[in-house]
Amino acid sequence: MGNEAISRLTAMKKNFVFIGEAGSGKSEVAINFAMEMAGEAKREVHFFDMDQTKPMLRSRDAADRLKEAGIVFHSAAQLLDAPIVPSAVIESLTNEDRYVIMDVGGGELGAHMIGQFSQWINAEDTYVLFIINPYRPWSRDAEHAVETMQIVTGCSRIEKVHLVSNPNLGPGTTAEDIIAGSEKLRGMVGADADFICVLSELVPQVEGKVREGILPMHIFIPFPWQNEI
């Protein structure tokens with residue numbers, strides 16, 4: 001994807017909302033997008049961790065890394081199953097001096113939480129990105145992928161989404177897996193995704209072999225049994 005694409009998007013929009021199925025990799029994609037943006041943005045970058053659907057593998061696990069990059073990080077403590085919303089969401093979405101990135105919890109449970117902000121998320125200055133991993137069980141074919149999108153966008157009352165392809169199979173993902181996943185998703189939805197997520201070390205092997213723009217991915221939220229990269 002690169003800084004040129006980040007600059008192009010930020011010239012058109014100021015708010016970027018990441019939604020999708022549970023386990024699709026939204027948090028990693030949102031964090032990588034934010035880190036790329038931080039080096040290019042001419043305004044403050046604010047990152048909102050809106051995920052209250054699970055106790056681990058959330059953007060707040062990388063809060064220190066985001067802050068080190070100059071990003072203002074927002075989250076709220078999770079109290080049992082109570083969806084506590086971070087403060088200053090509307091203020092930031094409507095503030096012309098801020099870029100906003102929202103990482104929303106997976107599936108319909110996470111989507112319900114941001115329905116209250118639909119008036120601002122559906123505004124012209126906001127870009128909603130729907131992450132799909134075509135290797136996940138609930139996106140294994142066109143029928144399941146479309147059904148998941150309809151459920152998530154319906155619960156969140158979001159009117160328009162842009163697709164992001166994240167074809168990964170975990171630490172053992174190969175360039176061939178990514179290329180095959182790109183083709184699989186295109187066949188499922190009948191169009192190219194806005195961009196495709198590729199582990200940074202695999203980018204040289206993938207460049208020129210996929211039609212989408214590439215977002216190089218670094219792992220900021222390792223599984224508890226993995227060493228941080």
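Assorted remarks:
- Counting only helices (runs of 4 or more DSSP H) that sit wholly inside region 136-225, those with at least 3 residues that are in contact with a Phe, Trp or Tyr (Cβ under 7 Å, 6 or more places away or on another chain) are 142-156.
- Figure legend. Inter-residue proximity from region 206-220: first residues free of Cβ contacts under 8 Å to residues at least 60 places away in the same chain, second residues aromatic (Phe, Trp, Tyr), beta-carbon distance below 9 Å, spacing 6+ or different chains. Indicated pairs: Glu212/Phe195.
- Counted residues, region 115-135 - those being in a strand (DSSP E or B) and of a type in the set (Phe, Trp, Tyr): 2
- Once region 93-144 is narrowed to residues that are more than 18 Å from the chain's Cα centre (by Cα) and either closer than 26 Å to Arg186 by Cβ or among the small types (Gly, Ala, Ser) (or both), the residue that is surrounded by the most Cβ atoms within 10 Å (Cβ to Cβ) is His144.
- Any hit, region 194-204, residues being surrounded by fewer than 19 Cβ atoms within 10 Å (Cβ to Cβ), without any contact (Cβ under 8 Å) to a residue 40 or more places away in the chain and within 19 Å of Thr126 (Cα to Cα): no
- Unique residue being surrounded by fewer than 16 Cβ atoms within 10 Å (Cβ to Cβ) and either touching a strand residue (DSSP E or B) at 6+ places or on another chain (Cβ under 6 Å) or not hydrophobic (A, V, I, L, M, F, W, C) (or both) when the list is Asp64, Asp49: Asp64
- Failed item in (1) modelled with pLDDT of 85 or more; (2) among the β-branched types (Val, Ile, Thr); (3) assigned to a loop (DSSP other than H, G, I, E, B), with Ile90 passing the rest: (3)
The values are calculated or read from the model by the stated rules, or taken from the named source; none is laboratory data. All values derive from a computational prediction rather than experimental measurement. Every residue, glycine among them, receives a Cβ derived from its backbone with ideal geometry; neighbour counts consider all protein chains shown.
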